[in-house]
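Visitor: This is the structure I have questions about; it appears just below.
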Amino acid sequence: MNKSILITGGAGFIGSHVIQLFVEKYPAYTIVNLDALTYAGNLENLKAVEGASNYIFEKADIQDADALTAIFEKHNITDLIHLAAESHVDRSITDPLSFVKTNVFGTVNLLNAAKEFWKENLSEHLFYHVSTDEVYGSLHDGGFFLETTAYDPQSPYSASKASSDHFVRAYANTYKMKTVVSNCSNNYGPNHFPEKLIPLCIHNIKNNKPLPVYGKGENVRDWLFVKDHARAIDMVFHHGKEGETYNIGGFNEWKNIDIVKLLCAKMDGKLGREAGTSEKLITYVKDRAGHDLRYAIDATKIQQELGWEPSLQFEEGIEITIDWYLNNQEWLDHVTSGAYQEYYSELYGKR
Ligand code: NAD
């Protein structure tokens, strides 16, 4: 069947890689990218697919129910992959309501639009919600997050994503919509907005600016290359079982401070600096309020049931990522001008 897939948040970090993969791999599908182009959305991320005959961009806000209905009708949408979200934990601490509006209210709007448009044959159309491992809370005593781990969100961001996951499952149960949810660990790679740890450090090391590290840098995250997440989304979309949840992760845990030191060492080499130069930029800052200690995903289910596994070792992915940022200065200049400067100095003070 020729599908017309609505992908929300396609101008963001992960969405742009998902769009590129689907547009290039599935020429028979029509890929409709719906994005409000917030500070995190950037059409420059999609240069590779601009002009492709199976790609369409629609600027719209998922808070706008009428706009969603119109887009479903205009493009005869058959399936949906939902990534649009407010995604930055620090922003959720200063402005929780905007996370409720987009992540909760916006998701329910999309569910309603899909339910209404597909009402004649709900079971033939898939609503796929892309979510985060942060919904499971924080691990303190070892172990891993499983698909069956109880939700225990600790930040306004994760609370909003947990809520949206619950709504998706509630719509499956109540209205018999065909849904699937995946919960992924931290992504890194090209197109990542430089408010997040890895691109922020690359940008600041290059410009000899302080590297803000929360607390003692002891927090542990599992990291996955963004294109491997996009591949996993492709597999879950095509082969995931209705109503199921899939955890996606890299089995690749790092303390924040160790990632920062790795980036410093690699960048010293690439920039021709004496070893140890960039580490001097590390600046410990007051810990994030309610900072979760450790996230770690058990991705056994998606590996065993769908045959997915990460294609890249972390060090390879980090090399690709650093090189991408060093070779895409214009992209960085655009996203770090204006509003980004104001946001950055509010969070860390003027640098
Ligand atoms: P991002 O912030 O880079 O991109 C979000 C995109 O959504 C942007 O293009 C933005 O313009 C768009 N958007 C925001 N509000 C919107 C609205 N109201 N209407 C329409 N579009 C809107 O985020 P990301 O890192 O690419 O994350 C994408 C999804 O994956 C999110 O749902 C996030 O929770 C989830 N996720 C992210 C990670 C990660 O490490 N980045 C890990 C697991 C899951």
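Visitor: Looking at the range 318-337 only, could you name the residues that are within 20 Å of GLY41 (Cα to Cα), of a type in the set (A, V, I, L, M, F, W, C) and touching a Gly at 6+ places or on another chain (Cβ under 9 Å)?
Guide: Matches in the range 318-337: TRP324 only.
Matching residues to (1) in a strand (DSSP E or B); (2) over 13 Å from the mean Cα position of the chain (by Cα); (3) surrounded by 18 or more Cβ atoms within 10 Å (Cβ to Cβ); (4) basic (Lys, Arg):
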| residue | (1), (2), (3), (4) |
| --- | --- |
| PHE193 | no, no, yes, no |
| LEU200 | no, yes, yes, no |
| ILE205 | no, yes, yes, no |
| LEU224 | yes, no, yes, no |
| ASP228 | no, no, yes, no |
| VAL236 | no, yes, yes, no |
| TYR246 | yes, yes, yes, no |
| ASP258 | no, yes, no, no |
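Visitor: Next up: Restricting attention to the range 112-122, does a residue exist that is of a type in the set (Gly, Ala, Ser), crowded, with 17+ Cβ neighbours inside 10 Å and over 21 Å from ALA172 (Cα atoms)?
Guide: Checking the range 112-122: not a single residue is of a type in the set (Gly, Ala, Ser), crowded, with 17+ Cβ neighbours inside 10 Å and over 21 Å from ALA172 (Cα atoms).
Visitor: Still on this structure: Counting only residues that are β-branched (Val, Ile, Thr) and in contact with a Phe, Trp or Tyr (Cβ under 7 Å, 6 or more places away or on another chain), which one in the range 70-98 is nearest to ARG221 (Cα to Cα)?
Guide: Of the range 70-98, the ones β-branched (Val, Ile, Thr) are 71, 77-78, 81, 89, 93-94.
Next, from what is left, pick out any that are in contact with a Phe, Trp or Tyr (Cβ under 7 Å, 6 or more places away or on another chain): 77, 81, 89.
Working: ILE77: 36, ILE81: 25, VAL89: 14 Å.
Selected residue: VAL89.
Visitor: Would you check which residues across the range 45-59 are surrounded by 15 or more Cβ atoms within 10 Å (Cβ to Cβ), over 15 Å from the mean Cα position of the chain (by Cα) and either over 20 Å from ASN2 (Cβ atoms) or within 8 Å of the ligand (Cβ to nearest atom) (or both) and list them?
Guide: We begin by selecting, within the range 45-59, every residue surrounded by 15 or more Cβ atoms within 10 Å (Cβ to Cβ); these are 45-46, 49, 52, 54-58.
Checking which are over 15 Å from the mean Cα position of the chain (by Cα) leaves us with 46, 49, 52, 54-58.
Within the range 45-59, just LEU46 meets the criteria.
Visitor: Separate question: Going by the structure shown, is ARG231 of a type outside the set (Phe, Trp, Tyr), out of contact with any strand residue (DSSP E or B) (no Cβ under 7 Å at 6 or more places or on another chain) and without any contact (Cβ under 8 Å) to a residue 12 or more places away in the chain?
Guide: No: the conditions fail for ARG231.
Visitor: For a quick check of your reading: which strands (runs of 3 or more DSSP E) sit entirely within the range 1-82 and have at least 1 residues that are more than 26 Å from MET235 (Cβ to Cβ)?
Guide: Fully inside the range 1-82 and qualifying: 55-59.
Visitor: Going by the conditions given, is ALA265 out of contact with any Cys (no Cβ under 6 Å at 6 or more places or on another chain), part of a loop (DSSP other than H, G, I, E, B) and more than 27 Å from GLY240 (Cβ to Cβ)?
Guide: Numbers: out of contact with any Cys (no Cβ under 6 Å at 6 or more places or on another chain): yes; part of a loop (DSSP other than H, G, I, E, B): no; more than 27 Å from GLY240 (Cβ to Cβ): yes.
When the stated conditions are applied, ALA265 does not pass them.
Visitor: Residue by residue through the range 101-117, note down the ones that are more than 10 Å from the ligand (Cβ to nearest atom) and either touching a helix residue (DSSP H, G or I) at 6+ places or on another chain (Cβ under 6 Å) or of a type in the set (Ser, Thr, Tyr) (or both).
Guide: Once the filter is applied, which keeps residues that are more than 10 Å from the ligand (Cβ to nearest atom) and either touching a helix residue (DSSP H, G or I) at 6+ places or on another chain (Cβ under 6 Å) or of a type in the set (Ser, Thr, Tyr) (or both), the range 101-117 yields VAL104, VAL108, LEU111, ALA113, LYS115, PHE117.
Visitor: (1) surrounded by fewer than 19 Cβ atoms within 10 Å (Cβ to Cβ); (2) farther than 24 Å from GLN303 by Cα: which one isn't true of PRO153, the others all being true?
Guide: (1)
Okay, residues lined up against (1) free of Cβ contacts under 8 Å to residues at least 60 places away in the same chain; (2) touching an Asp or Glu at 6+ places or on another chain (Cβ under 7 Å):
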position	(1), (2)
PRO194	no, no
GLY217	no, no
GLY240	no, no
ASN252	no, yes
GLU279	yes, no
THR283	no, no
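Visitor: Kindly establish whether ASP141 is modelled with pLDDT under 95, away from the ligand (no atom under 13 Å from the Cβ) and of a type in the set (Asp, Glu).
Guide: Yes, satisfied.
Visitor: Going by the structure shown, is ALA40 modelled with pLDDT under 95, among the aliphatic types (A, V, I, L, M) and under 18 Å from the mean Cα position of the chain (by Cα)?
Guide: Values: modelled with pLDDT under 95: yes; among the aliphatic types (A, V, I, L, M): yes; under 18 Å from the mean Cα position of the chain (by Cα): yes.
Answer is yes for this residue.
Visitor: For the subset of the range 154-188 comprising residues that are farther than 30 Å from LYS115 by Cα and out of contact with any Pro (no Cβ under 9 Å at 6 or more places or on another chain), which member is farthest from the ligand (Cβ to nearest atom)?
Guide: Quick first cut of the range 154-188, residues farther than 30 Å from LYS115 by Cα only: 154, 186-188.
If we keep only those that are out of contact with any Pro (no Cβ under 9 Å at 6 or more places or on another chain) too, we end up with 154, 186-187.
Values: GLN154: 15, ASN186: 4, ASN187: 4 Å.
Among residues in the range 154-188 that are farther than 30 Å from LYS115 by Cα and out of contact with any Pro (no Cβ under 9 Å at 6 or more places or on another chain), the one farthest from the ligand (Cβ to nearest atom) is GLN154.
Visitor: Can I ask one more? Suppose we filter PHE117, PHE99, PHE127 for residues that are within 20 Å of ILE233 (Cα to Cα), modelled with pLDDT of 95 or more and of a type in the set (Phe, Trp, Tyr); which single one remains?
Guide: It is PHE127.
Visitor: Those residues that are near the ligand (Cβ under 8 Å from one of its atoms) and either among the basic types (Lys, Arg) or buried (at least 19 other Cβ atoms within 10 Å of the Cβ) (or both), I need them from the range 29-44; list them, please. First the steps, then the outcome.
Guide: Restricting attention to the range 29-44, the residues satisfying the condition of being near the ligand (Cβ under 8 Å from one of its atoms) are 34-42.
Within the range 29-44, LEU34, ASP35, ALA36, ALA40, GLY41, ASN42 qualify.
The values are calculated or read from the model by the stated rules, or taken from the named source; none is laboratory data. Note that the structure is predicted; figures quoted are calculated from it, not measured. We place every Cβ from the backbone using ideal geometry, glycine too, and count neighbours over all the protein chains shown.
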